[in-house]
Structures are given as structure tokens and as C-alpha cells.
Ligand code: UD1
Ligand code: UDP
């Protein structure tokens, strides 16, 4: 079996790294295709060094451009590599343009696609990431989802439960593995020479930093924050727009704000762990915050990581100046709220996501499920039905008795549930797909 990993940006390198390590450890043949979307040393190469990854086998060198051009160049480059390398499966991670390009090209070449972090939805189509993850999921064969909540998004889109693997998020695997290494090798705290409590900030999402009004509101909030030192490793996109809108020097001059270049993963893990609060619009940092027990405020109006909010570790504050400052003041003034946020249970698993994913990929390969073929059976399609089950059976027992049926979703009172094979469905409503024989 040969696996092709597609990566393009900082978070993809970090979150794919435990999976790459696992594949490497099992002696499976693999190639790394870097699209080159992130290319500065501190946005790309730094992470290969921190995470001890091999150099990419291919770098498409796409660089920065409009979404259309960037995606087109990536697709052309990825297609050429896949045609010559002929992998059995292409793995993409998250929701960047690399995911869109990689999944689309592989699906058109009838190569199986595994989407790591599939099924996340913000239900906000103004976000480029939402379009990327939705299109990628149309092309995906194996869906690796972090939580049951995410799996349910896919069930409602008609994805078959047998193609969904609830594994947790590889962000936890990466945190667990690298925190110990980081605590020995990182000197970031002594280098920064900070006193008092730290608020670590990241900001880069297009909807915040490319919009003058939103950025102005966030900057105003940052200038008003009291009682904390703000450490702000600034993403290159944000440097560009802060300068363009004339806001960079205001922040730079503020005595309580430390603007620094983006830092490596090991240093960032140490900075996060030593922070009183994390304020961010990043996806990955919302997950890392709850993994590292640091309360998080998210500078967004919606999140595709609602589990962090439901668990109590994350508060959405949008780009509203008053909401940002008042929530920070509230959390700092109320220790029981602070402790409650700190202790929010981590919904993203136990750090074994990458092992579970590689197990699933190997099983699928051994069962011939990575060969993408047209359906062999002549079928009249599928009918969806709702049924109330009055027998004492589990999902697996029901499907064994009714071989033409698949249980898609189980409704337990008001809550939709994933149809785990050992789940008892007695007295519950189930939605099934039933294959219909073709009528000739
Ligand atoms: C991309 C992803 C976003 C992800 C983020 C991770 C898409 C649509 N967006 O956003 O989902 O959260 O990566 O950080 O795929 N630039 C540099 N050096 C670099 C890279 C970028 O200077 O190494 C500057 C360029 O001016 C570029 C701008 O940053 O135009 C934006 O980069 P781009 O890759 O388009 O999007 P990100 O904002 O990084
Ligand atoms: N990160 C880092 N250095 C920094 C800022 C972030 O190593 O200066 C890491 C962080 O630990 C997380 C990832 O980058 O794992 C998040 O990436 P980003 O916020 O760029 O993208 P998103 O998760 O929003 O797609």
C-alpha cells in the first residue's frame, strides 16, 4: 500500500505529523506532497524541523495568489504527481485550499480520499474554509472525524456510517507527543522575559484581518486590555493588512503588547501552556486550548468546533470590542468561572487518533475498499425510511436481520445518535437506507 499525504500550510503539517509518524513506524510506503501555500521559513520549514519530518518528496511551490489561481496550480501539480506515483489513498487534512485541490484531483482520478478532520461545519459559506471542507467531503471515501457531534453532521448529509471513523483529533496526539520534548528544548519563556500574566493571541482569518472595520474593533479591544501582557505572534497575512490599514504601529507601541514573528510549534506549545488566556480566531488553537486546559476566547461569530463551547472551555466573542474586553475582564475577575473553563473536558480524544486512522486505512486496503469502482449491482436506488423499533436489538443485530438495510441515524428522544454497532435501538426511532431492487 502507498499513501500520499497532501500538506500546504502550518496547521496541516502539525496535525498530519502524528499520522505520518504512525505510517512511517508501520513501514508503509508514503510520499509527502507540499503544495507550497506556506513558504516562509517560520510558516513551513520550521515545523518539519520541530516535528522531525522528512523533507517533502514534491513541492508544488504554489505560493500566494487568488483562490482560483492557487487552487488551479495546486490541482495541476498534484495531478501530475498522483499520475506518476499511483498511491492507493490520498490523505488531506482540515479545510485549506490544499484540501480542496487534493481531494478533487484524487477523486477525479478514482483514487481513494481520506479526509482527516472531515465533517466540521460552521454553516457559514462566506468562509473559504467552509467551502473547502464541504467540497472535500463530497470527494471523500474515508471520513476521519474528531467527535460524534461531527459525525452527525455527515450522517445528515447522507454519508454512510460505515465510512465514518470517530477517532478524536490528531491535534491531541501532536500535543501529547511534543509537550514533553518542548519542555526540555524550548527557551521561549526566558527569551521573551515576560512578567505577570500572559494572554497569547493569534489572528489571521480572512473575515477578520481583511475587513477594516472588524480589524479596527479587535485592535481597539487589544489596546484597552488591562492587567495582562499580550504576546502576539503575527501571521504574515495579518502583518500585511495591519500595515495596509495603518494599525501596525499603534499595536507595536502599546507597552502591554509584544508583537513577534510566528514561532515554531514547540515554542508555541510552551507559550500556550504558560498563558492565562488564549484569544484567537484559529481553528487549531481552539482545540489546543481545551487540550492544554487554558481558557479560550474565540474572535469569531461561529465555530465549526462547537464542542469546545459546549464543554465550557471556549467563548465566542466575534470581533466586537466590548464583548472581547468585557469577557476577558469577567473571566479574570471570577475565579470559579476561570477554573470551570480550565477544567472543561477535552472532546478531542485520548491521543490515539492517528493509530485508529492507520488501522482503518489498513483494514480498508485489505478488504479492497480503496479500489474506487462503479457499483456492480443493478439497483433502483435507495429509499430512506423512518422506523420505530419494538424489538430488543442492537444496530448490528438489526442490520444482520435486514441485510438490505443500513441504519443511518438513531434518534434517542430528541438527540440524533451515531449508529455504533453495539447501540441498543429498542424503542428508538431509526432512519434507514433500504436498497431497492431494480424493476426490469
Ligand atoms: C491559510 C488557510 C487557512 C488557515 C491558514 C493557516 C486557505 C483558504 N486558508 O490561510 O484556512 O487557517 O492558512 O495559517 O487555504 N504569506 C506569507 N508567507 C507565507 C504564507 C503566506 O507572507 O508563507 C502571506 C501572503 O501575503 C499571502 C497571505 O499571507 O497572500 C495569506 O496566505 P494564504 O496562504 O493565502 O492564506 P492564509 O491566511 O495563510
Ligand atoms: N502555531 C505555531 N506558531 C505560531 C502560531 C500557531 O506553531 O506562532 C500553531 C498552533 O500550535 C496550531 C497551529 O499553528 O497547532 C494553528 O495554525 P493556524 O492558526 O495558522 O491555522 P488554523 O488552525 O486556524 O487553520
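Judged by the ratio a/c of the largest to the smallest principal axis of the C-alpha gyration tensor, the stretch 1-94 counts as oblate, that ratio being 1.5 or greater while a/b is no larger than b/c.
Each principal axis of the Cα cloud of the stretch 133-173 was taken in turn, and the coordinate range along them, longest first, works out to 28, 17, 15 Å. Comparing mean-square fluctuations of 14, 166, 388 from a GNM of the chain with C-alpha springs under 10 Å, the top value falls on 388. Expressed to the nearest 5 percent, the antiparallel share of DSSP beta bridges inside the chain is 35 percent. Each residue in 96, 406 was given a count of other beta-carbon atoms within 10 angstrom of its own, and listing them fewest first yields 406, 96. Mean separation of Cα pairs under 8 Å and 6 or more residues apart, divided by the residue count, gives the stretch 185-342 a relative contact order of 24 percent. Sorting 40, 335, 359, 281 by the number of Cβ atoms found within 10 Å of their own Cβ, with the fewest placed first, yields 335, 40, 359, 281. Helix 67-85 axis versus longest C-alpha principal axis of the chain: approximately 50°, rounded to the nearest ten. Convex hull of alpha carbon positions in the stretch 96-245: directionally averaged projected area 12.3 nm².
Angle of helix 212-224 to the longest C-alpha principal axis of the chain, folded into 0 to 90 degrees and rounded to 10: 50°.
Normalised by the number of residues in the chain, the average gap of Cα pairs under 8 Å and 6 or more apart makes the relative contact order 14 percent. When the Gaussian network model of the chain links Cα atoms closer than 10 Å, the mean-square fluctuations of 171, 138, 92 top out at 138.
Between 113, 73, 393, the Gaussian network model of the chain with springs among Cα atoms under 10 angstrom shows the greatest mean-square fluctuation at 393. Can you work out the base-10 log of I(q)/I(0) for the stretch 185-342 at q = 0.12, 0.16 1/Å, using the Debye formula on its C-alpha atoms alone? Each listed q corresponds, in turn, to -0.46, -0.87.
Would you mind classifying the stretch 346-418 by shape? Square roots of the alpha carbon gyration tensor eigenvalues, ordered a ≥ b ≥ c; an a/c under 1.5 is rounded, otherwise it is prolate if a/b is larger than b/c and oblate if not. Oblate, because a/c is 1.5 or more while a/b does not exceed b/c. The distance separating the Cα centre of the stretch 25-83 from that of the stretch 263-307 comes to 25 Å.
For the stretch 379-437, the gyration tensor built on C-alpha atoms gives a prolate shape. Its axis ratio a/c (a ≥ b ≥ c) is at least 1.5, and a/b is the larger of a/b and b/c. For the chain, the longest principal axis of the C-alpha atoms and the axis of helix 97-108 are separated by about 20°. Could you list log10 I(q)/I(0) for the chain at q = 0.10 Å⁻¹, which the Debye formula gives when each Cα is one point scatterer? Log-scaled intensity ratios, in q order: -0.75.
What ranking do 420, 115, 204 get, fewest neighbouring Cβ atoms within 10 angstrom at the top?
Values: 420 14, 115 27, 204 18.
The fewest-first ordering by Cβ neighbours comes to 420, 204, 115.
Take the Kirkwood radius over Cα pairs of the stretch 52-158, plug it into Stokes-Einstein at 10 °C and 1.306 mPa s, and you get 111 µm²/s for translational diffusion.
Values quoted throughout were computed directly from the atomic coordinates according to the rules given, and no laboratory measurement underlies them. Remember, it's a predicted structure, so these values are computed and weren't measured experimentally. Reconstructed Cβ throughout: ideal geometry from the backbone, glycine too, with neighbour counts over all protein chains shown.
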